[in-house]
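The next block holds one structure in the form of structure tokens; read it before the comments.
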Amino acid sequence: MSMPDPRMIQLVMALRGGGVTDARVMGAIERTPRDLFVPERFDDQAYDDRPLPIDCGQTISQPLIVAHMTQALELDDRSKVLEIGTGSGYQTAILSRLARRVYSVERYRTLGQLAQSRFEALRLSNIVPRIGDGTVGWPEQAPFDRIILTASAPTRPDVILDQLKPGGIAIAPVDSGKRQVLMRYQRIEDGFDARELMDVRFVPLIEGEAKSL
Ligand code: SAH
């Protein structure tokens, strides 16, 4: 291993302070250089615990939220994961270190291609990227053990949740208009067990593939 970036040590401390306890999640974050996922002009802020702008008017999520969402997914090395909203690919990369395979959908081609080049640079070979509309999930690859949405749905995203295996867990921001809440859904016999995790602010899930960019 090379010398740890002092900025990474600072980030890990911020996550610990923010209540991240899962050592495996922390390890995945430590092995994922966030500076690779932010635009060059934000390099000096790459390890700050906050979201940053990326291309196409989108954002790379705050590391603390990435860590909490990953922790809540309860991944193991057999997990087949669906991610809606690749964005920078940062969350995808963290997931890929803890799961068997990650299927990740992004509606902007620019973002999807950039993310894919990062996965290649980091030799993350268990990620299957796709450009398309994630509001329909990924029916050809369903069912999944775990599902994560990194863009907010207006209501419980049933079309996507229906692609969850029995007992499977989904984490999704849901925005009622008044409040945006990170939800944890678990597929049970006759539907979904739903729990609120925390208040969050994600960009909205937008239907359809992006026409430009
Ligand atoms: N986890 C990402 C977050 C990116 S922001 C990161 O940390 O970088 C959310 C992403 O969801 C954006 O890139 C946006 O383009 C994408 N998105 C929104 N609606 C979508 C849809 N219907 N299908 C696929 N991706 C979508």
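Structural remarks
- The one condition in (1) within 14 Å of the ligand (Cβ to nearest atom); (2) assigned to a strand (DSSP E or B) that ASP145 fails to fulfil: (1)
- Within segment 194-210, residues that are touching a residue at least 24 places away in the same chain (Cβ under 8 Å) and assigned to a strand (DSSP E or B) sit with their Cβ atoms under 9 Å from residues that are open to solvent by 100 Å² or more (accessible area, probe 1.4 Å) and charged (D, E, K, R), at 6+ positions apart or across chains, in these pairs: ALA194/ARG156.
- Among the residues making up segment 159-213, those that are open to solvent by 50 Å² or more (accessible area, probe 1.4 Å), within 15 Å of the ligand (Cβ to nearest atom) and more than 20 Å from HIS68 (Cα to Cα) are VAL159, ILE206, GLU207, GLU209, LYS211, SER212, LEU213.
- The residues of segment 94-121 that are acidic (Asp, Glu) and within 19 Å of LYS211 (Cα to Cα) amount to a single one, GLU106.
- Flag for ARG156 being part of a loop (DSSP other than H, G, I, E, B) and either modelled with pLDDT of 95 or more or surrounded by fewer than 15 Cβ atoms within 10 Å (Cβ to Cβ) (or both): yes
- Subset of segment 127-153 (residues that are open to solvent by 50 Å² or more (accessible area, probe 1.4 Å) and acidic (Asp, Glu)): GLU140
- Residues of segment 120-138 that are part of a loop (DSSP other than H, G, I, E, B) and in contact with a Ser or Thr (Cβ under 8 Å, 6 or more places away or on another chain): LEU122, LEU124, ASN126.
- Qualifying positions in segment 1-17 - assigned to a helix (DSSP H, G or I), open to solvent by less than 80 Å² (accessible area, probe 1.4 Å) and not hydrophobic (A, V, I, L, M, F, W, C): ARG7, GLY17
- Test: residue in segment 93-101 that is among the hydroxyl-bearing types (Ser, Thr, Tyr), out of contact with any strand residue (DSSP E or B) (no Cβ under 7 Å at 6 or more places or on another chain) and on the phi < 0 side of the Ramachandran plot: no
The values are calculated or read from the model by the stated rules, or taken from the named source; none is laboratory data. On a predicted model such as this, the values are computed, not experimentally measured, just so you know. Cβ sites come from the backbone with ideal geometry, for glycine too, and all protein chains shown count toward neighbours. These accessible areas exclude ligands, DNA and RNA; they are computed on the full protein's heavy atoms, side chains included. Shrake-Rupley method; radii C 1.70, N 1.55, O 1.52, S 1.80 Å.
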